[in-house]
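All remarks here apply to the structure that follows.
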Amino acid sequence: FFTYDVVYKLWECFAVADNQLILSRSLGVGSVAWIAFVFIPHWSAVVFVFPLICILYIDLLGVLQLAGLHINALSYVCIVMSIGLLVDFIIHLLFRYYELPGTRREKTVEMLKTMGASVLLGGTTTFLGTLPLMFTTSDVFTTVFIIFLGIVAIGMGHGLIFLPVLLSWFGPEEQVTMSRAAEVKDAHAVKKTKKMGD
């Protein structure tokens, strides 16, 4: 005969959680790196995206450890879906950096002025959206709040502080997009026309 109880599902969950979490994170990081390679107009974007996503994941697990949270069904789901939130803090800034012409410093400053403000606003609204969960008495909602707090804090820290420093030191220079090249070409044509008219 066979026995059955709901607790068997919990045992199975904890038995496979480690391997499944490693597999899910690996596939997620690989997918993000591949998407960055395909959609960002320079191959070197992967050099920034891949290590930063790995670091962000490790930092998020450290936040869980510091908060005294353990891997369970809820934290597992939050950790797996966090890649979609964490990558936003990096990929938008990188895409903007590669669109801009100029030196590393000029591109980094302009990236922070334009897209940096949007990323800061997005992180702030995400934090404010989850802030009411801080006042709950439920462990479930407290866990979600702590994880989202960690996502926003480390995501904004890496995206708005660490990534700009890396780009100002090691980012590629003089990457001109097709639209920018067309604008420059049009400006030269207008100047040439004016000179010919004079």
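Using a 1.4 Å probe on the protein heavy atoms, what percent of the accessible area of segment 67-184 belongs to carbon and sulfur?
Answer for segment 67-184: carbon and sulfur cover 70 percent of the accessible area.
Any idea what log10 I(q)/I(0) is at q = 0.12 Å⁻¹ for the chain, Debye with uniform C-alpha scatterers and no solvent?
-0.70
Under a plain spin-label model, where a point goes 7 Å from the Cα along Cα-to-Cβ, how far apart in nm are Val140 and Val80?
1.7
Could you point to the residue in Ala17, Ile40, Leu60 farthest towards the positive end of the chain's charge dipole, with +1 and -1 charges on the Cβ of Lys/Arg and Asp/Glu respectively?
Comparing the listed Cα positions along the dipole, Ile40 ranks first.
About the Cα centre, and with charges only on the beta carbon of Lys, Arg (+1) and Asp, Glu (-1), how big is the dipole of the chain? Nearest 20 debye, please. Could the numbers behind the result be given before it?
Values: 13 positive and 14 negative charges, 183 e Å.
So the magnitude is around 880 debye.
Rank Gly84, Ile147, Leu121 by how far each Cα sits towards the positive end of the charge dipole of the chain (+1 on Lys, Arg Cβ; -1 on Asp, Glu Cβ) and give me just the farthest.
Value computed over the given set: Leu121.
Can you give the calculated 222 nm mean residue ellipticity of the chain, where each DSSP H run of n ≥ 4 adds -39,500 (n - 2.57) and the sum is split over every residue, rounded to the nearest 500 deg cm²/dmol?
-25500 deg cm²/dmol
Using the alpha-carbon atoms, what tilt in degrees (0 to 90, nearest 10) does helix 139-157 show relative to the longest principal axis of the chain?
The two axes meet at around 20 degrees.
Compute the relative contact order of the chain as a whole-number percentage, counting only Cα pairs closer than 8 Å that sit 6 or more residues apart in sequence. Spell out each step's value before the answer.
Numbers: 158 pairs, mean separation 49.5, N = 198.
In percent, rounded to a whole number, it is 25.
Accessible area per residue of segment 62-128 at 1.4 Å probe, in Å²? Present the calculation step by step, with values, prior to reporting the outcome.
On the way: 3340 Å² over 67 residues.
With the other protein chains kept in place, segment 62-128 gives 50 Å² per residue.
If you count only protein heavy atoms with a 1.4 Å probe, what accessible area per residue comes out for segment 3-48, rounded to a whole Å²?
Working: 3270 Å² over 46 residues.
Ligands and nucleic acids excluded, the figure is 71 Å² per residue.
Based on the Cβ-Cβ distance of Trp11 and Ile71, what FRET efficiency does E = 1/(1 + (r/R0)^6) give at R0 = 25 Å, to the nearest 0.05? Mind dumping the intermediate values first?
Numbers: r = 14 Å, r/R0 = 0.57.
The formula returns an efficiency of 0.95 here.
Keeping all protein chains in position, work out how much accessible area Arg96 exposes to a 1.4 Å probe, and write it in Å² to the nearest 10.
Taking all protein chains as shown, Arg96 has close to 60 Å².
If you average the C-alpha positions of segment 108-177 and of segment 62-79 separately, how far apart do those two centres end up, in angstrom?
First find each Cα centre; the distance between them is then 19 Å.
Set Lys and Arg Cβ to +1 and Asp and Glu Cβ to -1, take the dipole of the chain about its Cα centre, and tell me which of Thr136, His70, Leu167 lies farthest positive.
After comparing all options, I get Leu167.
The values are calculated or read from the model by the stated rules, or taken from the named source; none is laboratory data. For clarity, every value in this text was computed on a predicted model and none was experimentally measured. When we count neighbours, we look across all protein chains shown, and the Cβ atoms used for this are built from the backbone with ideal geometry, even at glycine. Surface areas here come from the heavy atoms of the whole protein model, side chains and all, with no ligands, DNA or RNA. Shrake-Rupley method; radii C 1.70, N 1.55, O 1.52, S 1.80 Å.
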